[in-house]
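K.L.:
My structure is below; once you've seen it, I'll send some questions.
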Amino acid sequence: MVELAPTPRDTLFREGTAALYRFRSPEGAAPRPGRAPLLLVPSLINRWYVLDLRPGASLARALVDAGFDVYCLDWGVPESEDRYLEWDAVVARVGRMVRRVARATGAPRVGLLGYCIGGTLSAIYAALEPESVGALVNLAGPIDFAEGGMLAHMVDPRWFDPAAIAAAGNVGAEQMQSGFVALRPTAQLGKWLSFLDRLGDDQRMEAFQALEEWSSANIPFPGAAYAKYIRDLYQANALAKGTHHVAGRRVDLGQIRCPVLTVVTDRDVICPPPAAQALNQLSGSGDKSLLVIPGGHVGAVVGGSAPKQLYPKLAEWFGRALSN
């Protein structure tokens, strides 16, 4: 049985269904002094442990081993009453988690790494509260939704009404998963052919089983938040245009002043590279970098090449960015 979320952690804080974890340093080790802590912000619609999937494929563990004090936001699984959770409240939750990390560590600023929708949310928060963020990594999170590819086409306002979808309550994992399957209709067949190819290879089978278990545990999208997310960001492209508002405040990505790293994957159909790269064009930072890694939206983060391609480069970048 494959071990999921293997990095030892403690629960620092709970809020509703959400939790804030702190990963423990290996015995006899401690985070390097003088570095800002890191907060990982995963996607809102997937379980958090894609960032700590299994032994040997854990971004969280790689950052801990590199000497960082690492925290992670677990969004939890929305309940029926969370259908009323607004997008503004989702962004506010990121802010409360940042402040909890700052309070626990005494650090004036926190390093943020957001993955997928978590990258979008992290960029929004960094624009609203730039003094709180010491460095920002957008890991395959869409910013310019006009570059959203087939997903953007699927939710075109000419034939898609997000308010009508959300009127029934939270948007179920099955509903969203069907959209992702439509992006690559033959992916399921390819997956099972690859399963047959892995038979007899214990390490590859373990990787396959871990990813299967994680991908089958998708979670609902709170209805009210979903409606605004689709309407404002996908249909109006308000974030890239500078017309997106959160709690009455305009989100101006030009207010982001900290070092920024955008990470894109070359075969990503969920967040095509131009959708994420827009952060580098729109942010006001004087220190902006782009990292292109091979793979798809998920595989590049937890696949066999991630420990060699992604993890050490993120640790190196954070080490430099948070030492300025």
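Bear in mind that the values in this text are calculations on the coordinates, not laboratory data. Everything numeric in this text was worked out from a predicted model, so none of it was measured. Here the Cβ is made from the backbone with ideal geometry for all residues, glycine too, and neighbour counts use every protein chain on show.
K.L.:
Which residue, chosen from PRO220, ILE45, GLN281, occupies the Cα position most advanced towards the positive end of the dipole of the chain, where the dipole is computed from +1 (Lys, Arg) and -1 (Asp, Glu) charges on Cβ about the Cα centre?
P.N.:
GLN281
K.L.:
Separation of the range 1-33 and the range 260-293 by C-alpha centroid, Å?
P.N.:
That distance is 28 Å.
K.L.:
Starting from 0 in steps of 5 Å, tell me what percent of the Cα-Cα pairs of the range 1-56 lands in each bin.
P.N.:
Spelled out per bin, shortest first, that is 4, 14, 22, 27, 20, 10, 4, 0.
K.L.:
Of ALA152, GLY56, LEU20, which is farthest towards the positive pole of the range 9-321's charge dipole, taken about the Cα centre with +1 and -1 on the beta-carbons of Lys, Arg and Asp, Glu respectively?
P.N.:
Of ALA152, GLY56, LEU20, it is LEU20.
K.L.:
Going by how many other Cβ atoms sit within 10 Å of their own, how do LYS228, LYS313 line up, fewest first? Don't skip to the end; give the middle numbers.
P.N.:
Values: LYS228 20, LYS313 15.
With the fewest neighbours first, LYS228, LYS313 line up as LYS313, LYS228.
K.L.:
With just the Cα atoms of the range 128-177, tell me how far they stretch along each of the three principal axes, in Å, largest first.
P.N.:
40, 25, 20
K.L.:
Here is a follow-up. What is the local net charge at LEU314, summed over the other residues whose Cβ is closer than 13 Å to its Cβ (Lys, Arg +1; Asp, Glu -1)? Before the final figure, lay out each step's value.
P.N.:
Working: positive: ARG61, LYS308, LYS313, ARG320; negative: ASP65, GLU316.
That sum, taken over residues with Cβ under 13 Å, equals +2.
K.L.:
Additional query: Report for the chain the percent antiparallel among DSSP-assigned beta bridges with both residues inside it, nearest 5.
P.N.:
On the way: 14 of 37 bridges.
The antiparallel proportion sits near 40 percent.
K.L.:
A further question follows. Separation between the SER25 and ASP10 pseudo-spin-labels, each 7 Å from Cα along Cα→Cβ, expressed in nm?
P.N.:
Placing both labels 7 Å along Cα→Cβ, they lie 1.3 nm apart.
K.L.:
Next question. Report, please, the projected area of the range 9-321 averaged over directions, based on the convex hull of its C-alpha atoms, in nm².
P.N.:
Dividing the Cα hull surface by four gives the mean projection, 15.4 nm².
K.L.:
Would you work out the relative contact order for the chain, in percent, from Cα pairs under 8 angstrom that are 6 or more residues apart? Don't skip to the answer; put the middle values down first.
P.N.:
Working: 642 pairs, mean separation 71.8, N = 324.
Once divided by the residue count of the chain, the mean separation gives 22 percent.
K.L.:
If you don't mind, another one. Mean Kyte-Doolittle hydropathy of -0.5 or higher plus an axial Cα length of 24 Å or more: which whole DSSP H helices in the chain meet both?
P.N.:
On the way: long enough: 87-105 (28 Å, 0.11).
Those that pass (Cα extent of 24 Å or more, hydropathy at least -0.5) are 87-105.
K.L.:
To the nearest 20 Debye, how big is the dipole of the chain about its Cα centre, given +1 on the beta carbon of each Lys and Arg and -1 on that of each Asp and Glu?
P.N.:
Working: 32 positive and 32 negative charges, 159 e Å.
Dipole about the Cα centre, nearest 20: 760 debye.
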